[in-house]
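**Student:** If you scroll down you'll find the structure; I have some questions about it.
The values are calculated or read from the model by the stated rules, or taken from the named source; none is laboratory data. Since the structure is predicted, the reported quantities are computational estimates derived from the model, not experimental observations. Virtual Cβ from ideal backbone geometry, glycine too; neighbours counted across all protein chains shown. Keep in mind that these areas ignore ligands, DNA and RNA; they rest on the heavy atoms of the full protein, side chains included. Shrake-Rupley method; radii C 1.70, N 1.55, O 1.52, S 1.80 Å.
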Number of protein chains: 2
Amino acid sequence: MALLSVLTPVLAVVLCLVIGFMLVRSRDAEATSTTSCGKTEGPPKADFRPWVDQELQDDTEDKGKEDEDADWVDNNEEEDLQHVPFSAPGYPEETMLKRSKDFYTLMNQRRTVRFISPDPVPREVINNVILTAGTAPSGAHTEPWTFVVVSEPETKHQIRQIVEEEEEVNYRQRMGDKWVTDLAKLRTNWIKEYLDVAPYLILVFKQIHGIRPDGKKITHYYNEISVSISCGLLLAALQNVGLVTVTSTPLNCGPKLRLLLKRPANEKLLMLLPVGYPAGNATVPDLKRKPLDDIMMHI
Amino acid sequence: MALLSVLTPVLAVVLCLVIGFMLVRSRDAEATSTTSCGKTEGPPKADFRPWVDQELQDDTEDKGKEDEDADWVDNNEEEDLQHVPFSAPGYPEETMLKRSKDFYTLMNQRRTVRFISPDPVPREVINNVILTAGTAPSGAHTEPWTFVVVSEPETKHQIRQIVEEEEEVNYRQRMGDKWVTDLAKLRTNWIKEYLDVAPYLILVFKQIHGIRPDGKKITHYYNEISVSISCGLLLAALQNVGLVTVTSTPLNCGPKLRLLLKRPANEKLLMLLPVGYPAGNATVPDLKRKPLDDIMMHI
């Protein structure tokens, strides 16, 4: 009897420890983990982050579910893809120097401009700008981007309403005082008139995975980095023709905008770019860029 | 006595439940969370993801610790930053059309090239290419990039050793069969000869936060997206002068490479770009890019 009265609490404690341990382990399994350089790995896991060249891997939102979902295939219809000679026009060194300097001068004039003219822009120019963005490199050549170009006024207005609604909540509630202060010098607020005024809104979606006609999913390695690189080319192409934009990332509004524009569930909004000529009275904050020695180290 | 013998196990169970509950709560607090569009928010939290224009916010690696660390300040020394008129040379529509077409043609010739010539490249050209990358937009104008340019042969060789060591583990162990198959058509493996051969290696680091001279931390909103956009401009600048590269992301080797190059803890490796002229016998996989209708939707 004495033994029993001692054993009961001991058993109860042991039982609770076991339950608690199981709970903790199941929480840990949900967390993302990365491997550190040099550790020996067992069989491949869905949560590793290996090194690859060109073929980039990132924490896509559905990564944890990759191996659970039914059908994943390679983005590879021809394993014996032909390799062909590469050649490109080279330039003499003096020409390279001049070209590099001219291109830098052109790009250095690029600024984010919030005051956009309503004047129409030739459609074919926008097409070429999008095509240029599409020349970016991407993980395993998956080209995981969709550019939704909106010029229809009612749709632009609906986009503006969604964005301003979220932005007002941000400025009034969500953003820390520090962030609002950081933006103060840029004189931003939740009113986004350019969303109605600009002749084009380009909404850049990343495809977190591809879908084949038979429904099987295609892995899109490093889709966010790839689409961001593509946006860099897009900005260069806009600057090259004298158009301006605002590089904005309305992530909170992503789902609403995706539904408004009838994009599928594998696409997530990454950036929203209003595009047009600068307004006549456009102003920009008098910011300076860092000098070369601040951004480059040479070894 | 009877009461005591009943109470003891009950107390033991209650105690264990409390301990288990506390363990579970402390694990949850470490996990990242995001808010969904439209929900009413209370006071600002470190884990929200609001909508901002230009001023991008991402899941920087130390985000969870942002509010715990001692001193965070605004990237804002002058709240009353002057705003100045913006003007840019405009082009007639025919010129815009030609410029957009020529730039697209130039960028469309860009390919990832793994066979790089050892021929030296003028240093000033590389400087202008880096300066061009530095003209990218960035969250709250934080310019969160560091470009480490390596031309010294011994350091390049050490970089190659680190990368190949990790890459061999990847190919042999970590990467799923699917990924290896996806890469098969690109004929990649863990041998990265170009890391020794290319005259320059450009290692692109993202600064996950800034540090003021007095040691206070500066928030770097959307640093990964900003630096990726910057890389897009860098690639355009390289293509513009006839240089080639491989867009690679050796994340597993990030810490080792950071230490080798003596970069501080707030910098994380994002990309490694070997740069040079294409080798005479360079080949590329015969890939095609998607047509405009596949990447653009017009509303």
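**Student:** Regarding residue A:124, is this residue at the interface with chain B (Cβ under 9 Å from one of its Cβ atoms) and open to solvent by 30 Å² or more (accessible area, probe 1.4 Å)?
**Tutor:** Values: at the interface with chain B (Cβ under 9 Å from one of its Cβ atoms): yes; open to solvent by 30 Å² or more (accessible area, probe 1.4 Å): yes.
Yes, satisfied.
**Student:** Shifting gears a bit: Among the residues of segment A:226-242, are any under 28 Å from residue B:131 (Cβ atoms) and either modelled with pLDDT under 95 or among the aromatic types (Phe, Trp, Tyr) (or both)? Quick ask: steps written out before the conclusion?
**Tutor:** Kept after step one, since they are under 28 Å from residue B:131 (Cβ atoms), are these residues of segment A:226-242: A:226-242.
Filter again for either modelled with pLDDT under 95 or among the aromatic types (Phe, Trp, Tyr) (or both), leaving none.
No, segment A:226-242 contains no residue that is under 28 Å from residue B:131 (Cβ atoms) and either modelled with pLDDT under 95 or among the aromatic types (Phe, Trp, Tyr) (or both).
**Student:** Sort out which residues of segment A:234-271 are open to solvent by less than 10 Å² (accessible area, probe 1.4 Å) and of a type in the set (Gly, Ala, Ser), and write them in order of number.
**Tutor:** Hits for segment A:234-271 are A:236, A:237, A:248, A:254.
**Student:** Can you tell me which residues in segment A:95-142 are of a type outside the set (Val, Ile, Thr), without any contact (Cβ under 8 Å) to a residue 60 or more places away in the chain and either outside any helix (DSSP H, G or I) or under 28 Å from residue A:288 (Cβ atoms) (or both)? Can you show your working first?
**Tutor:** Taking segment A:95-142 and keeping what is of a type outside the set (Val, Ile, Thr), we get A:96-104, A:106-111, A:114-115, A:117-120, A:122-124, A:127-128, A:131, A:133-134, A:136-141.
Within this subset, residues satisfying the condition of being without any contact (Cβ under 8 Å) to a residue 60 or more places away in the chain are A:96-104, A:122-124, A:127, A:131.
Those that are of a type outside the set (Val, Ile, Thr), without any contact (Cβ under 8 Å) to a residue 60 or more places away in the chain and either outside any helix (DSSP H, G or I) or under 28 Å from residue A:288 (Cβ atoms) (or both): A:96, A:97, A:98, A:99, A:100, A:101, A:102, A:103, A:104, A:122.
**Student:** Further question on the same structure: Give segment B:124-149 a look and list any residue that's touching a strand residue (DSSP E or B) at 6+ places or on another chain (Cβ under 9 Å), more than 19 Å from residue B:252 (Cβ to Cβ) and of a type in the set (A, V, I, L, M, F, W, C), or say none. Lay out the reasoning, then the answer.
**Tutor:** We begin by selecting, within segment B:124-149, every residue touching a strand residue (DSSP E or B) at 6+ places or on another chain (Cβ under 9 Å); these are B:126-127, B:129-131, B:133-134, B:136, B:138-149.
Okay, now just the ones that are also more than 19 Å from residue B:252 (Cβ to Cβ), so B:126-127, B:129-131, B:133-134, B:136, B:138-147, B:149.
Of everything in segment B:124-149, those that are touching a strand residue (DSSP E or B) at 6+ places or on another chain (Cβ under 9 Å), more than 19 Å from residue B:252 (Cβ to Cβ) and of a type in the set (A, V, I, L, M, F, W, C) turn out to be B:126, B:129, B:130, B:131, B:133, B:136, B:140, B:145, B:147, B:149.
**Student:** Would you be able to tell me the number of residues in segment B:191-214 that are within 14 Å of residue B:276 (Cβ to Cβ), in contact with a Leu (Cβ under 8 Å, 6 or more places away or on another chain) and either part of a strand (DSSP E or B) or open to solvent by 20 Å² or more (accessible area, probe 1.4 Å) (or both)? Write out each step before concluding.
**Tutor:** Taking segment B:191-214 first, the residues within 14 Å of residue B:276 (Cβ to Cβ) are B:192-202.
Remaining after also requiring in contact with a Leu (Cβ under 8 Å, 6 or more places away or on another chain): B:195, B:201-202.
Still in the list and also either part of a strand (DSSP E or B) or open to solvent by 20 Å² or more (accessible area, probe 1.4 Å) (or both): B:201-202.
Going through segment B:191-214 one residue at a time, the tally reaches 2.
**Student:** Please find, within segment B:127-141, the residue that is nearest to the chain's Cα centre (by Cα) out of those that are facing chain A (nearest Cβ under 7 Å) and hydrophobic (A, V, I, L, M, F, W, C). Explain how you work it out, then say what you get.
**Tutor:** Applying the first criterion (facing chain A (nearest Cβ under 7 Å)) to segment B:127-141 yields B:127-132, B:134-137, B:140-141.
With the extra rule that they be hydrophobic (A, V, I, L, M, F, W, C), the set shrinks to B:129-131, B:136, B:140.
Details: B:129: 18, B:130: 16, B:131: 18, B:136: 14, B:140: 17 Å.
Of everything passing the filter in segment B:127-141, B:136 is nearest to the chain's Cα centre (by Cα).
**Student:** Inside segment B:193-225, can you point out the residues that are modelled with pLDDT of 90 or more and among the basic types (Lys, Arg)?
**Tutor:** Across segment B:193-225, the qualifying residue is only B:206.
**Student:** Could you tell me how many of the residues in segment B:215-233 are assigned to a helix (DSSP H, G or I), open to solvent by less than 10 Å² (accessible area, probe 1.4 Å) and at the interface with another protein chain (Cβ under 8 Å from one of its Cβ atoms)? Before you say what the answer is, go through the steps one by one.
**Tutor:** Taking segment B:215-233 first, the residues assigned to a helix (DSSP H, G or I) are B:223-233.
Checking which are open to solvent by less than 10 Å² (accessible area, probe 1.4 Å) leaves us with B:223, B:225-233.
Narrowing the set further to residues that are at the interface with another protein chain (Cβ under 8 Å from one of its Cβ atoms) leaves B:225, B:228-233.
Going through segment B:215-233 one residue at a time, the tally reaches 7.
**Student:** Quick one: in segment A:93-117, which of the residues that are under 20 Å from residue B:239 (Cβ atoms) and more than 7 Å from chain B (Cβ to nearest Cβ) is nearest to the chain's Cα centre (by Cα)?
**Tutor:** Of the residues in segment A:93-117, the ones under 20 Å from residue B:239 (Cβ atoms) are A:93-110.
So of that shortlist, the ones also more than 7 Å from chain B (Cβ to nearest Cβ) come out as A:94-95, A:98, A:102, A:105-106.
Working: A:94: 37, A:95: 35, A:98: 33, A:102: 29, A:105: 27, A:106: 25 Å.
Per the criteria, the residue is A:106.
**Student:** Moving to a separate point now. Within segment A:257-273, restricting attention to residues that are more than 9 Å from chain B (Cβ to nearest Cβ) and touching a Ser or Thr at 6+ places or on another chain (Cβ under 7 Å), which residue is nearest to residue B:143 (Cα to Cα)?
**Tutor:** A:273
**Student:** In the list A:121, A:148, which residue meets the criterion of being out of contact with any Gly (no Cβ under 9 Å at 6 or more places or on another chain) and of a type outside the set (Lys, Arg)?
**Tutor:** Values: A:121 fails: out of contact with any Gly (no Cβ under 9 Å at 6 or more places or on another chain).
Unique residue meeting the criteria: A:148.
**Student:** Taking residue B:242, is it part of a loop (DSSP other than H, G, I, E, B) and within 9 Å of chain A (Cβ to nearest Cβ)?
**Tutor:** Details: part of a loop (DSSP other than H, G, I, E, B): yes; within 9 Å of chain A (Cβ to nearest Cβ): yes.
It is true that residue B:242 is part of a loop (DSSP other than H, G, I, E, B) and within 9 Å of chain A (Cβ to nearest Cβ).
**Student:** Give the residue, chosen from A:163, A:149, that is in a helix (DSSP H, G or I) and of a type in the set (Val, Ile, Thr). Walk me through it before giving the result.
**Tutor:** On the way: A:149 fails: in a helix (DSSP H, G or I).
Going through A:163, A:149 in turn, the sole match is A:163.
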